[in-house]
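So the structure is just underneath, and the comments pick up after that.
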Amino acid sequence: MAKKIIKKRSWAEPFKIKMVELLKMTTPEHRQKAIAAAGYNTFLLKSEDVYIDLLTDSGTNAMSDRQWAGLMLGDEAYAGSKNYYHLETAVKKFYGYKYLVPTHQGRGAENILSKCLIKEGDIIPGNMYFTTTRLHQELAGGIFEDVIIDEAHDSSNLHPFKGNIDLNKVNALIKKYGATKIPYICVATTVNMAGGQPISLENLKALRKLTEKHGIKIILDMTRVAENAYFIQQREKGYANKSIASIVKEICSLTDGATMSAKKDALVNIGGFLAVNDKKVFEEARNMVVIYEGLHTYGGLAGRDLEAMAIGIEESLSDDHMAARVGQVIYLGEKLMEAGIPIVQPIGGHGIFIDAKKFLPHVKQAQFPAQALAAAIYTDSGVRTMERGVVSAGRKANGENYFPKLELVRLTIPRRVYTQAHMDVITESIEHVYQNRKKIKGLEMVYEPKYLRFFQARFKPI
Ligand code: F0G
């Protein structure tokens, strides 16, 4: 009897396109001038000089017609806007947290949370650092300690949950400093700086057991929680038949609160929040938000933004949306791997991360290989990417550079924005740059801002 061949069906976007934004096509000469004028920093390019923008998945989402309709329902009252109550209902229903404090974006929530929970000299363990998160912890007097598993620092290790926390590292910190010095552990879902790598529910449950014993809170950085839930559904035993929505709710239920940059998973262009279960923490945060963001029922946002966020949260949890979202990222990653480009594996949820140390072995890390590679890719094709290496890592309190093991260029895919043909064009450009990689030289930093230098630093070729 002939063997039945079951071919896996292709994914496709669960939407059709209703409006388009035209892009400018530029020449290599134009791009050479533009990147030099931007000090070889892709953050300093003008967006109109960019063809395909993979700088970030933050605030670059395409909203749905329902979200755009929601903007028209904006209740722009200073206090008690209807849209705030819609958002509060969505946060309770889909994430399960009791109390909500809206903020203009994720770092607004990080600022308030850090000020509420951290005392001078406290230790804040986390599964790899994120730039703004760590800085707010440090500005509040805390000291960040990385407790991610070692595999996360190796770009070719195929561990399915490279965002996991090493419980031995947490135990060692508790032993060294005492639990009272650790107000909370910051747990990120699909760890950005590790290449969009997920944490497993098994690991989160084990962490919960350990921290409960010691009275340590877990605060989730839930910026990309739905993407993490997708990987749990695909990879973790027992979750194949569970919905993204139910997995997200389970993740949140194992934590005491969360900071959210809604500009990512929640499919909006601006917005964020802090959500907690402890009433005392909520009351303090609600009081603090009026100093830094705005009244507690708008948190620096217009009513219409709150409405778009409430709708976006629900849309982000659809299984079809997430299969196409991560499907597109995997499509690009597999094409790059076929072309022999060294990327972080397994492929992450929000983008592809090129290993710049392997791509440019002739450029020393002190000469910013990932920064130089991002500039070269832009010059080749107008594709804008971002450095995630030594420039992003910044300096320690003593002034020394952090030299992270991972020196990466991030190709971040905005949600619902680009087509498969764009992914093909991106691959061809990276392949072309790879063939000519020996010509790429390192950079020297000629201007360095004090905080989050990667946003505004300037460079010149060596
Ligand atoms: N946490 C994570 C994991 C993030 O990726 C970001 C932002 C934030 C917090 C801060 O949120 O930007 O709304 O203030 N990441 C963007 C990026 C900037 O490009 O990865 P925000």
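Would you work out the charge dipole size for the chain about its Cα centre, treating the Cβ of every Lys and Arg as +1 and the Cβ of every Asp and Glu as -1, and quote it to the nearest 20 debye?
The dipole of the chain has a size of about 740 debye.
What is the fewest-to-most order of Met445, Met193, Met72 by other Cβ atoms lying within 10 Å of their Cβ?
Met72, Met445, Met193
List the DSSP H helices in the chain whose Cα atoms stretch 24 Å or more along the helix axis and whose mean Kyte-Doolittle hydropathy is at least 0.5.
none
Check each of the trypsin sites (Lys or Arg not before Pro) in region 217-268 and keep only those in coil by DSSP with at most 12 other C-beta atoms within 10 angstrom; list them in order.
Taking region 217-268 and a limit of 12 other Cβ atoms within 10 Å, the loop trypsin sites (Lys or Arg not before Pro) found are Lys237.
Which is farthest toward the positive dipole end of the chain among Phe403, Ser381, Ala258, measuring Cα position about the Cα centre, with Cβ charges +1 (Lys, Arg) and -1 (Asp, Glu)?
Phe403
Over all directions, how big on average is the projection of the convex hull of the alpha-carbon atoms in the chain, in square nanometres?
Projected area, direction-averaged: 23.5 nm².
Net charge around Glu110, counting only other residues with Cβ within less than 13 Å of its Cβ (Lys, Arg = +1; Asp, Glu = -1)?
Every neighbour counted, the sum reads 0.
Rank the residues Phe15, Phe94, Phe130, Phe368 as a footprinting-exposure proxy: fewest other Cβ atoms within 10 Å of their Cβ go first.
Phe15, Phe94, Phe130, Phe368
Which whole-number percentage describes the relative contact order of the chain, with Cα contacts under 8 Å and a sequence gap of 6 or more?
24 percent
Using the beta-carbon distance between Lys82 and Lys450 and R0 = 45 Å, what value does 1/(1 + (r/R0)^6) give for FRET efficiency, to the nearest 0.05?
0.60
Between region 1-77 and region 109-125, how far is it from one alpha carbon centroid to the other, in angstrom?
Here the answer is 34 Å between Cα centres.
Lys98's amide H: which non-local residues (gap 5+, or another chain) put their own amide H closer than 5 Å, with H modeled 1.01 Å from N in plane and none for Pro or chain starts?
Val276, Asn277
Using Cβ contacts closer than 10 Å as the measure, can you line up Arg395, Arg437 from fewest to most?
Least crowded to most crowded, the residues run Arg395, Arg437.
Counting Lys +1, Arg +1, Asp -1, Glu -1, what net charge surrounds Glu88 among other residues with beta carbon under 13 Å of its beta carbon?
+4
Can you pull out the GluC sites (Glu not before Pro) in region 355-461 that DSSP calls coil and that have at most 11 other Cβ atoms within 10 Å?
Counting only loop positions with at most 11 other Cβ atoms within 10 Å, the GluC sites (Glu not before Pro) in region 355-461 are Glu400.
Sequence-distant or interchain residues sharing an amide H contact under 5 Å with Glu145, placed H: which?
Ile124, Gly126
What number comes out for the charge environment of Asn171, summing +1 per Lys or Arg and -1 per Asp or Glu over other residues with Cβ under 13 Å away?
+3
Between their Cα atoms, which of Lys8/Lys169; Lys162/Lys249; Lys16/Lys92; Lys8/Lys441 are more than 32 Å away from each other?
Lys8/Lys169; Lys8/Lys441
Among Leu220, Gly294, Gly106, whose Cα lies farthest out toward the positive end of the dipole of region 65-316, if unit charges sit on the beta carbon of Lys, Arg (+1) and Asp, Glu (-1)?
Leu220
Magnitude of the Cβ-charge dipole of region 65-316, K/R +1 and D/E -1, about the Cα centre, nearest 20 debye?
Dipole about the Cα centre, nearest 20: 620 debye.
Can you say what percent of the DSSP beta bridges in the chain, counting only those with both residues inside, are antiparallel? Round to 5.
DSSP beta bridges in the chain are roughly 65 percent antiparallel.
So for the chain, taking the charge dipole from beta-carbon charges (+1 Lys/Arg, -1 Asp/Glu), which of His432, Thr56, Gln456 sits furthest toward the positive end?
His432
According to the square roots a ≥ b ≥ c of the eigenvalues of the Cα gyration tensor, what is the shape class of region 1-106, taking rounded for a/c under 1.5, prolate for a/b larger than b/c otherwise, and oblate for the remainder?
oblate
We did not get these values from a lab; they are worked out from the coordinates using the rules stated. None of these values were measured; they are calculated from a predicted model. Cβ atoms come from the backbone with ideal geometry, glycine included; neighbour counts cover every protein chain shown.
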